[in-house]
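Asker: Starting off with a structure, shown below.
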Amino acid sequence: MNVISLAIWTLEKNCFIVYSGLIVCFIAFTLYHKNKLEEYYSETSKKEKMARTGTGGKARDFQDDGDEDPDLLVPAIPEDTPQIPYSPPQRSDDEILQRSREYYELMAERRTVRSFSPEPIPQEVLDNLIKTAGTSPSGAHTEPWTFIVVQDPEMKSAIREIVEEEEELNYNQRMSRQWVTDLKPFATKPVKPYLSDAPALVLVFRQTHSWREDGKKRMHYYSEISTAIAAGILLAAIQYCGLVALTSTPLNCNARLRDLLSRPLNERLELLLPVGRPHKEATVPDLERKKLEEIMVKI
Ligand SMILES: Cc1cc2nc3c(=O)[nH]c(=O)nc-3n(C[C@H](O)[C@H](O)[C@H](O)COP(=O)(O)O)c2cc1C
């Protein structure tokens with residue numbers, strides 16, 4: 001009897017013990033592997049949680065800049081900022097209702113216009129529009145916005161040149177075919193005469209952070225939504241005073257326009273709004289807005 005035959009004969013004789021041994025090994029291996037996996041996942045989720053929350057357990061959206069010594073922390077605006085009385089006019093329910101209707105009707109008339117009359121806008125109107133945008137709420141009153149108002153024809157041409165160059169690439173190479181197709185009803189194209197026709201271009205920059213008088217970096221909390229709200233208030237003011245705007249987001253133009261306008265690196269271009277009166281032959285797509293029931297959930 002050779003070695004192989006002997007091994008087979010032994011296995012056959014002791015098959016119960018061999019199979020039991022194999023089953024025990026299988027169960028032991030499965031349990032070991034399961035424990036290892038659990039250990040790995042718990043370690044990973046601990047690391048993710050630490051990254052999200054810092055050292056404590058409380059969720060943090062913002063990381064501090066390393067200055068963790070509480071004795072050195074000073075609020076960006078004085079801690080003893082006084083509280084002052086605030087008593088806007090008290091209005092009756094009827095008056096509130098009336099005003100809510102009137103404001104809705106006014107805002108429902110707002111449309112994005114893509115052809116402008118070159119008629120200039122008085123400087124004071126532009127000042128008031130930007131002052132109004134500056135009344136916007138902002139995270140911890142950081143006011144993380146800069147509004148660049150361009151009326152100079154040469155600067156408008158330079159802006160147009162950059163935007164058109166980038167848009168040519170956006171439309172032909174960078175944007176998805178679906179995106180370009182979705183834009184067809186709006187007849188938008190790389191050529192943008194409104195950038196030189198509109199009497200004013202308002203470029204809305206978001207400040208990611210700023211600098212305090214003591215030289216420390218000032219954190220800007222919720223700068224995106226704060227700047228978006230300010231832009232919304234600006235659009236409402238433009239509508240209220242009887243002008244029109246084109247809400248545009250010049251894709252991939254941030255760095256070039258920031259350089260052209262000599263803006264610092266902590267500012268990011270969010271919107272470019274040509275503002276003025278509509279061209280007398282201006283048209284807009286006949287769009288429908290969602291109904292109240294579609295956008296409001298009453299609980
Ligand atoms: C964030 C944002 C980006 C937009 N970007 C552009 C743009 O780059 N070019 C353009 O012609 N319109 C742009 N629009 C305008 C929209 O196409 C327009 O608001 C939409 O079609 C609804 O039309 P209405 O504003 O007349 O109600 C933008 C609007 C928003 C809110």
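FYI, it's all coordinate maths here, none of it is from the lab. Values in this document were obtained by computation on a predicted structure and should not be read as measured data. We place every Cβ from the backbone using ideal geometry, glycine too, and count neighbours over all the protein chains shown.
Asker: With the crude spin-label approximation of a point 7 Å out along Cα→Cβ, what separation in nm comes out for ALA76 versus ILE229?
Answerer: In this crude spin-label approximation the distance works out to 1.4 nm.
Asker: Separate question: Just want to confirm a number: the relative contact order over the chain, from Cα pairs under 8 angstrom separated by 6+ residues, in percent.
Answerer: It rounds to 23 percent for the chain.
Asker: Given Cβ point charges of +1 (Lys, Arg) and -1 (Asp, Glu) and nothing else, what value in debye, to the nearest 20, does the dipole of the chain about its Cα centre take?
Answerer: 1040 debye
Asker: Continuing with the same structure: Efficiency by 1/(1 + (r/R0)^6): what FRET value for ALA28 and SER5, r their Cβ-Cβ distance, R0 = 45 Å, to the nearest 0.05?
Answerer: 0.90
Asker: Set Lys and Arg Cβ to +1 and Asp and Glu Cβ to -1, take the dipole of the chain about its Cα centre, and tell me which of ILE225, HIS141, ALA158 lies farthest positive.
Answerer: Working it through, the farthest residue towards the positive pole turns out to be ILE225.
Asker: Using the basic label-point model (7 angstrom from Cα toward the beta carbon), what is the ILE96 to ALA282 distance in nanometres?
Answerer: 3.4 nm
Asker: Which of the aspartates and glutamates could a cross-linker span from LYS192 if the Cα-Cα distance has to be under 15 Å and same-chain partners fewer than 8 positions apart are dropped?
Answerer: GLU161, GLU164, GLU165, GLU166, GLU167, GLU168
Asker: Another one. May I ask for the percentage of alpha-carbon pairs in region 173-223 that lie more than 12 Å from each other?
Answerer: Percent of Cα pairs beyond 12 Å in region 173-223: 78.
Asker: Can you work out the Karplus-derived ³J(HN,Hα) for every residue in region 150-159? Use 6.51 cos²θ - 1.76 cosθ + 1.60 with θ = phi - 60°, whole Hz, and x for glycine or proline.
Answerer: So the Karplus estimates, Gly and Pro as x, are 10, 10, 5, x, 5, 5, 4, 5, 5, 5 Hz.
Asker: Ok, one more. On a straight-distance basis, which aspartates and glutamates could pair with LYS290 in a cross-link, Cα separation under 17 angstrom, same-chain partners fewer than 8 positions away excluded?
Answerer: Filter leaves GLU105, GLU109.
Asker: Charges at C-beta only: +1 for Lys and Arg, -1 for Asp and Glu. How large is the resulting dipole of region 114-281 about its Cα centre, in Debye rounded to 20?
Answerer: Rounded to the nearest 20 debye, it is 400 debye.
Asker: Obtain the radius of gyration and the Kirkwood radius of the chain from its C-alpha atoms and give Rg over Rh.
Answerer: Using only Cα positions, Rg/Rh for the chain is 1.25.
Asker: Also, I was wondering about something else. Arranged by the count of other C-beta atoms within 10 angstrom, fewest first, what order do SER248, SER196 take? Mind showing how you got there, number by number?
Answerer: Values: SER248 19, SER196 16.
In order of increasing Cβ crowding within 10 Å: SER196, SER248.
Asker: Something else: With contacts defined as alpha carbon pairs under 8 Å and 6 or more residues apart, what's the relative contact order of region 114-281 in percent?
Answerer: Relative contact order here is 37 percent.
Asker: Hey, another quick one. Ranking request for peptides 234-246, 204-216: highest mean number of other beta-carbon atoms within 10 Å first, then the rest in descending order.
Answerer: Highest-to-lowest ranking by the protection proxy: 234-246, 204-216.
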